[in-house]
Amino acid sequence: MDGIDLVAQLMAISATTAPKSKGENFVKTRVLAGPVLKELADEMVAFGQRTGKKDFDRDAKNVADSEAVVLVGIDRAKVLGLNCGACGFADCKSLQEHGRNEGEFIGPACAFRLLDMGIALGSAVKTASMLNVDNRIMYRVGVAARQMKLVDWDFVMGIPLSVSGKSIYFDR
């Protein structure tokens, strides 16, 4: 569907222009469409099977049935410098000295940068909703996108998009 491409690009714009702490942008976006969606869905199923984690197959079906996926993430986001402790460390210096742990995502991360990503996700799905495109934020999409090296960002979520008579992302 031609309109989905435009909506996905507008969502990426919304995520990019969403307010950020100190006006510093560490938010990244990427739009996926076409054959890569089946590959992404296949990797989601495979990851769930390899790890025994539940619902990767359920979400993979949604991705396979979608027309596009918008990835929104953060990469190598600098600490804000407030020493607020919301990240779990006593101060920003301690977080930085801790080093990077890699699992499904890379952390730890400054809580304010994670909030920036959350606001970007909210702005993106607001845009889709205003244009009447069904969507759902999915962490499992981000895990598979990193596994496939579609992105190398620290933390990423995926937003699959669909246009049908009833949202495919609910009553699953």
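The values are calculated or read from the model by the stated rules, or taken from the named source; none is laboratory data. Just so you know, these numbers come straight off a predicted model, no measurement behind them. No Cβ is skipped: glycine too gets one built from the backbone with ideal geometry, and neighbour counts run over all protein chains shown.
Residue-wise test of (1) over 19 Å from L150 (Cα atoms); (2) surrounded by 19 or more Cβ atoms within 10 Å (Cβ to Cβ); (3) at pLDDT below 95.
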position	(1), (2), (3)
I13	yes, no, no
A18	yes, yes, no
G34	no, no, no
R58	yes, no, no
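Looking at the structure I just gave you, is V7 assigned to a strand (DSSP E or B), of a type in the set (A, V, I, L, M, F, W, C), touching a residue at least 24 places away in the same chain (Cβ under 8 Å) and surrounded by 15 or more Cβ atoms within 10 Å (Cβ to Cβ)? Outline the logic, then answer.
On the way: assigned to a strand (DSSP E or B): no; of a type in the set (A, V, I, L, M, F, W, C): yes; touching a residue at least 24 places away in the same chain (Cβ under 8 Å): yes; surrounded by 15 or more Cβ atoms within 10 Å (Cβ to Cβ): yes.
The answer is no for V7.
Which members of segment 76-112 meet the condition of being closer than 21 Å to M157 by Cβ and surrounded by fewer than 15 Cβ atoms within 10 Å (Cβ to Cβ)?
Hits for segment 76-112 are R76, K78, A86, G88, R100, N101, E102, G103.
Going residue by residue through segment 44-52, is there one that turns out to be in contact with a strand residue (DSSP E or B) (Cβ under 9 Å, 6 or more places away or on another chain) and either surrounded by fewer than 17 Cβ atoms within 10 Å (Cβ to Cβ) or not aliphatic (A, V, I, L, M) (or both)?
Within segment 44-52, not a single residue is in contact with a strand residue (DSSP E or B) (Cβ under 9 Å, 6 or more places away or on another chain) and either surrounded by fewer than 17 Cβ atoms within 10 Å (Cβ to Cβ) or not aliphatic (A, V, I, L, M) (or both).
For segment 61-172, list the helices (runs of 4 or more DSSP H) that sit wholly inside it and hold at least 2 residues that are of a type in the set (K, R) and modelled with pLDDT of 95 or more; which are they?
111-130, 139-147
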